[in-house]
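What follows is a short report on a single structure.
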Amino acid sequence: MGHHLSRRTVLTAMTATAAALPMDGLALLAAQPHSMVPRDLELITVSDRSVAVSWTTVATDPLGLRRPVAADTELALGPADSRKPLPVVHFDATPTPYHYVEITGLEPGRRYRLEARSRGVRAVAGMAPRWWNDEQKYEFQTLTPPPGRLLRTIALANDLHFGEEISGQIVPALPTGVRQERGLPPYPEVMLDALLSDVRQPDRGVDHLILAGDLTNAGTPGESREVRRRLDRWGGLGRDVLVCRGNHDRPRVGAQWRAGPRLPGTAHHDCWGEHFLPRQRLVEYDLDGLRVIGLDTTDLDGAGGRIDPDQMSRLRGLLCDEPGRPTLVFGHHPVTRQSALTNLGGPGFVLDRHDAATLHRLYERAPGVFLHHSGHTHRTRRTRPDTPIPVEFLEVAAIKEYPTGYALLRLYEGGYMLTFHTTRTAAARRWSARTRTQSFGLQASYSLGSRTDRNHVVHRDLSGIARATQTELRTVAQR
C-alpha cells in the first residue's frame, strides 16, 4: 500500500502509541510466569474436512506490557451436539508462544465446538472489536464442497513488498511501523519463503500460484530480480506462477531505477517490467479450459488504480469472443463501490470509478466470469458487486504481515470452495504475531475478515474445466 494521505492515515495517526509496543521488544523486566494468558484465539481456516486454529500465550510484565511466554499447545474438539466432554485431539509439549493447530478428518457440513488450552488455561478470543465476533462462539461448521470432481487448486496471494524494512508505516515521521527483530532475516524474505514452502506441501495440493501485485516494495532492479529468482525456483512464470503488477511495482523516476528500461515519453524507468511484464499489459492464460486474465491496474504515479483504453479494449475482445468460458480475473486494485467506501484508504485508493463501471458492464455480458481477485487493501474481504452480476469480488490479505496468509481456490465441476490459510513456518508465525499490533492495534480487526469472507462455497457450472493431469500433479510435487 502506498503512502496515501487519506482517512487511512488519519485513522492510523489517532492511536500512534499502540504500534510502538512490540510483542517481543527489549523488556526492562521479565514477565511473571504465573500471569500467562492464552489469548487471540482465531479459527483461521474452516474447510470441508479440516479446521486451523491459532492463539498466542503472553504475560504482563511489571510495567504493564504484554510479552510472549512459551507454553504447551492443546486442542480439544468434538461434535457440537455431543454432551460428552470434548476429547483432546492434539497435544504438543514443545514450548512456544505462537500456537497453531490444524486438525483434519472432520465430516463435511457438521457443527463442532472446540477448546484451545496452554498450561491447562483456556484460550480466549482477542479483544479487538470485530462486528462478526466469530471466535467468541468457540464453534464452527465445516463446509460442504460443491458436487463433482475436484479439478484443480489455485493459491491466491498478493502484497509481498519484497525489500520493505518497516511494516505498516504510513507516514515516515510517525512511529507507526513494525521492524523485524535484530538478528533475524528481513521479514519479506521470511514471508515469501514461507508462502512458497507452504503452497508446495502435499496437503495444500496447489497446481498454480497467482500473485496479484506488490511483489516488491519499490520496484528496484535488485528487488525485482530477487523476487523473480525465488519464484523461478518454485515454478515457471506464466505456467505455474501467474503475476500482475501492483502500485509498489510501478515505474519510478530517479537514479535508483535507471538500470531499467525507460518508458517512452517519460522520465520513468520500469525495472519490474524488465523481469516480469510490460506496463498496462493484459495477460491471458489457458489452464485446460479455465481462462485466467491478469490486469495491470496501476497508475503511473500514485496508489490508486486505472486501466488504459488499449488494455480495456483487449479485455472486451476476449470476453466477447468467449463470454461463457469459465474465467478468473485478477488485478491489484479492488473494483467495487463497497470496497471504495470501506477500505481505510478511501475511494481514491481503489480502481477508478469509470473503469470499475466498465468492468461491471463487461462481466454482465460475460457469464463465464465467476471471480475477480485483488489485493492492495491488505485485508480479506468479499464485497458486493455494483450491479447484480454473479461475480465474486475478493480481496486477499497481505502475505507480508498479519494474518500472513493466502487463499486456496479449489475448483470442482459444480462450483468452488475458497479457504484462507496462514503460513506455517515458525518464523512466519512469530512475525504474524508481531505485526498483529500494527495500525495501532486495529490490524486484527481490519485485516483478517469474517470467517465467511475467508471460507465459503459457491455453486456454479465449471464442468468446462479439465481436471489437472497426473503429469501436472507430479511436476508440482517434485518442485
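The values are calculated or read from the model by the stated rules, or taken from the named source; none is laboratory data. These figures come from a predicted structure and were not determined experimentally. Counting neighbours? That spans all protein chains shown, and the Cβs are built from the backbone with ideal geometry, glycine included. With ligands, DNA and RNA removed, areas are computed over all heavy atoms of the protein, side chains included. Shrake-Rupley method; radii C 1.70, N 1.55, O 1.52, S 1.80 Å.
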_Charged-residue dipole, Cβ positions (Lys, Arg, Asp, Glu), the stretch 259-363 about Cα centre, Debye nearest 20_ = 300
*asked:* Along the Cα→Cβ direction, 7 angstrom out, place labels at LEU150 and ASP92. What is the inter-label distance in nm?
replied: 2.2
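Normalized C-alpha radius of gyration of the stretch 187-271, against 2.2 N^0.38 Å? Walk me through the numbers before you get to the answer.
Numbers: Rg = 14.5 Å, N = 85, 2.2 N^0.38 = 11.9 Å.
With N residues counted in the stretch 187-271, Rg over 2.2 N^0.38 Å equals 1.22.
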*Tell me which residues come under 5 Å, amide H to amide H, from GLY78 once H is placed; ignore anything under 5 positions away on its chain.*
ARG113
_Can you match Rg and Dmax of the Cα atoms in Å to one of these, [x] 22.0, 73; [y] 22.8, 67; [z] 23.3, 76, based on a calculation from the structure here?_
[x]
*What percent do you get for the relative contact order of the stretch 101-248 when only Cα pairs under 8 Å and 6+ apart count?*
23
*asked:* Among DSSP bridges having both ends in the chain, what percentage is antiparallel? Round to the nearest 5.
replied: 70
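Which value, in debye to the nearest 20, gives the size of the charge dipole of the chain about its Cα centre, when Lys and Arg are +1 and Asp and Glu are -1 at the Cβ?
Working: 61 positive and 53 negative charges, 104 e Å.
Charge dipole, the chain, about its Cα centre: 500 debye, nearest 20.
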*Just need the relative contact order of the chain here, percent rounded to a whole number, with Cα pairs under 8 Å and 6+ apart.*
18
*asked:* So with the 1.4 Å probe, I'd like the accessible area per residue for the chain, rounded to whole Å².
replied: 40
*Return the percentage of antiparallel bridges among DSSP beta bridges fully within the stretch 202-294, rounded to the nearest 5 %.*
60
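In the chain, which longest range has no GluC sites (Glu not before Pro) that are both DSSP loop (not H, G, I, E or B) and surrounded by at most 15 other Cβ atoms within 10 Å?
Answer from the scan: 182-479.
Give, in nm to one decimal, the length gained when the segment between ALA466 and LEU63 is fully stretched (0.36 nm per residue of separation minus the Cα-Cα distance).
Values: separation 403, 0.36 × 403 = 145.08 nm, distance 6.02 nm.
So the extension gain works out to 139.1 nm.
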_Order ASP321, ASP301, ASP453 by their accessible area, 1.4 angstrom probe, all chains in place, largest first._
ASP321, ASP301, ASP453
_Given axes a ≥ b ≥ c from the Cα gyration tensor, I'd like to know whether the stretch 217-354 is rounded (a/c under 1.5), prolate (a/b larger than b/c) or oblate._
oblate
*What Rg and what Dmax come out for the stretch 243-304 when only alpha-carbon atoms are used, in angstroms?*
13.1, 45
